[in-house]
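The values are calculated or read from the model by the stated rules, or taken from the named source; none is laboratory data. Everything quoted here is computed from the prediction, not taken from an experiment. Positions of Cβ are backbone-derived with ideal geometry, glycine not excepted, and every protein chain shown enters the neighbour counts.
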Amino acid sequence: MAKGNDSRTLLGMGMVKGLAVTITTMFKTIFLPKKHLATVNYPKVKETPVPRARGVIALDQDACTVCMLCARQCPDWCIYIEGHKEEQPPSKPGGRIKVRATLDRFDIDYALCMYCGICVEVCPFDALFWTPEYEYSETQMGEMLHDMDRLQDWMKTVPEVPALEP
Amino acid sequence: MDQDFAHHLSEVAVSVELETPDMTLNIGPQHPSTHGVLRLIAKIAGERAFDVKPVIGYMHRGYEKLSEVRTYPQITALINRIDWVSGYANEIPFIVAAEKLMEIEVPERAQYIRLILTEMARISSHLIFMASYPLELGAATPLFFALRERERVLDLLESVTGGRFHPNFNRIGGVKPAVGSGSTTRKQIQDLPAGFFTQTKDAMGKVLDVCEELETLVAGNEIFLARTKGIGLLPPEVAAAYGVSGPNIRASGVKFDIRKVESYLPYDQFDWEVPVGENGDCWDRWWVRLTEIRQSASIIQQAVDGIPSGPLQAKVPKVIKVPEGQTYVRAENPKGEMGYYLVSDGGSGPYRLKIRTASFSNISILPWILEGILIPDIIAVMGSLDFVLGDVDR
């Protein structure tokens, strides 16, 4: 049964009741301690996002083997990878020469990225990580293309693995 | 009336009939109450609108065609964006359709997680309605109350899935098992984070509180009642004929909820009711949604109590290929019935994906319901149907 207009009540009582809620909330906002507030004063006070928040993708350059899985699986192809093979001296004299793939370029165009996380999910070598970092806005669309050094910097912000609910 | 007075009247009476030509009025495409870009072409005669024609397609992104050239994991990320107010609820029918063709049994814990998060998406979508609908009628205060609690619910969604709007959390066979496939990222199991249950119960208590507050703020308000009661009447037979679904048809008195009919998620294990309106006016549509928030909060509280432990993923092949076949799976989205007709030819992506969205059918009622209505009531009726243009055009 839908409640609503009860003809027995005085005309205007509904508005008075509604105003009472507004005024109570106003006094709560003024007098209650700050932790009860719903908002924070952003540039001065910062909220910490949850550890799983998909803020930005960080890259561990040493772990990457230029296998291109992430670039191929990306739904809007916003990852640009270039690399070359590099010969490394053998670990002990007389051993085989190792060939290692090295990154030349690993750019993610965050203007295109839709933060689905497929690249992180398919990476078999632990090179890509999500971090909750969010302050990387730019004034120009073209500047949203971030290179591998910037992505490496974000590795510092990768949070600890949170505990799980039993 | 006495004779003297009638004599005066005849002196001031205007004998000339004013002829006003019909005017064509464009409402939108950029109007805040259209939740996106919807254009209405209305013929205005005096204060009333006739022959209203909705023009849609401004937000067409071609998801049905795009799905044919994407793989199944990529489509999950795409279909979050169909109805962006409840991104999580969009994933469920698609994933269930693929699982039905692959004949995968989803673990119970994964089903419960899906159910909890879907209901959270429903609460957040309905809270957006609770915020925006009074705003369209001129009451700004409920917006702050509703959005405050919606933020709480979205924080919970984010703490599990990592995304507030576009969770992309469902995988074929269950929910996202781990953050990546590397040796250390595999250890980051994407189960519910610690403290989720207590936080959820706390948040659901707050959501029930805000329902009380919203009811006090809006439900008794004489202006709100005058704007909504008896406005935009939608009889059940008309609603059914146009394919209206979700809270809109329930407000007209039809007890139709796919959560009760289909078994895509274990809704039958909980004790809840389908709220039904009486008249099918704007007020009933508002009231049904408010009651649905309460029902969803109650479902979540029961699900949190009864969630079983176990795996998050059934055994699925690494490269997902859906066997040949076709199926239609529908689910109760916050806006109404959402369904995916999935045709697979055995490849890594669908051969054809037809998306049935609730808002598209819900706004097809507009020419009927807006016939002969006052111009200010157009906004009241449109807002009460609660459609999202991304859901209409997709």
Sole exception among (1) facing chain A (nearest Cβ under 7 Å); (2) of a type in the set (D, E, K, R); (3) crowded, with 19+ Cβ neighbours inside 10 Å for B:ARG148, by number: (3)
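So which helices (runs of 4 or more DSSP H) are wholly in the range B:40-111 and hold at least 3 residues that are farther than 17 Å from B:GLY349 by Cβ and either among the aromatic types (Phe, Trp, Tyr) or within 14 Å of another protein chain (Cβ to nearest Cβ) (or both)? Spell out how you get there, then give the answer.
Details: elements: B:63-67, B:72-79, B:87-102.
Because the criterion is at least 3 residues that are farther than 17 Å from B:GLY349 by Cβ and either among the aromatic types (Phe, Trp, Tyr) or within 14 Å of another protein chain (Cβ to nearest Cβ) (or both), the helices (runs of 4 or more DSSP H) in the range B:40-111 that meet it are B:87-102.
Just to verify a result, which residue in the range A:84-141, among those that are β-branched (Val, Ile, Thr) and modelled with pLDDT of 85 or more, is farthest from B:VAL179 (Cα to Cα)?
If we filter the range A:84-141 for residues that are β-branched (Val, Ile, Thr), which is where we start, we get A:97, A:99, A:102, A:108, A:118, A:120, A:122, A:131, A:139.
The next check asks that each one be modelled with pLDDT of 85 or more; those that pass are A:108, A:118, A:120, A:122, A:131, A:139.
Numbers: A:ILE108: 19, A:ILE118: 9, A:VAL120: 7, A:VAL122: 9, A:THR131: 12, A:THR139: 31 Å.
My answer is A:THR139.
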Top-ranked residue of the range B:325-362 - restricted to ones that are of a type in the set (S, T, N, Q) and assigned to a helix (DSSP H, G or I), ranked as nearest to B:ARG285 (Cα to Cα): B:ASN362
Residue list for the range B:125-169, filter: free of Cβ contacts under 8 Å to residues at least 60 places away in the same chain and either charged (D, E, K, R) or under 23 Å from B:GLN269 (Cβ atoms) (or both): B:ARG150, B:GLU151, B:ARG152, B:VAL153, B:ASP155, B:LEU156, B:GLU158, B:VAL160, B:ARG164
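Sort out for me the helices (runs of 4 or more DSSP H) sitting completely within the range B:186-269 that have 3 or more residues that are surrounded by fewer than 19 Cβ atoms within 10 Å (Cβ to Cβ) and charged (D, E, K, R). Working first, answer last.
Numbers: elements: B:196-214, B:222-228, B:236-242, B:247-251, B:258-261.
Once the helices (runs of 4 or more DSSP H) in the range B:186-269 are filtered for at least 3 residues that are surrounded by fewer than 19 Cβ atoms within 10 Å (Cβ to Cβ) and charged (D, E, K, R), what remains is B:196-214.
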Hey, A:ALA71 in contact (Cβ under 8 Å) with a residue 60 or more places away in the chain and away from chain B (no Cβ under 11 Å) or not: no
Residue selected from the range B:345-394 under the condition touching a Phe, Trp or Tyr at 6+ places or on another chain (Cβ under 6 Å) and acidic (Asp, Glu), by the criterion surrounded by the fewest Cβ atoms within 10 Å (Cβ to Cβ): B:ASP345
Qualifying residue in the range B:375-393 (condition: of a type in the set (Asp, Glu), closer than 30 Å to B:ILE104 by Cα and free of Cβ contacts under 8 Å to residues at least 24 places away in the same chain): no
Filter result for B:GLY180 (over 28 Å from B:GLU103 (Cα atoms) and either within 7 Å of chain A (Cβ to nearest Cβ) or part of a loop (DSSP other than H, G, I, E, B) (or both)): no
The range B:295-304, residues that are in contact with a Lys or Arg (Cβ under 9 Å, 6 or more places away or on another chain) and within 14 Å of chain A (Cβ to nearest Cβ): B:VAL304
Of residues in the range A:135-166 being surrounded by 11 or more Cβ atoms within 10 Å (Cβ to Cβ) and β-branched (Val, Ile, Thr), the one farthest from B:PRO311 (Cα to Cα): A:THR157
Out of B:ARG122, B:ARG70, B:ARG109, sole residue that is under 30 Å from B:LEU214 (Cα atoms) and not polar (S, T, N, Q): B:ARG122
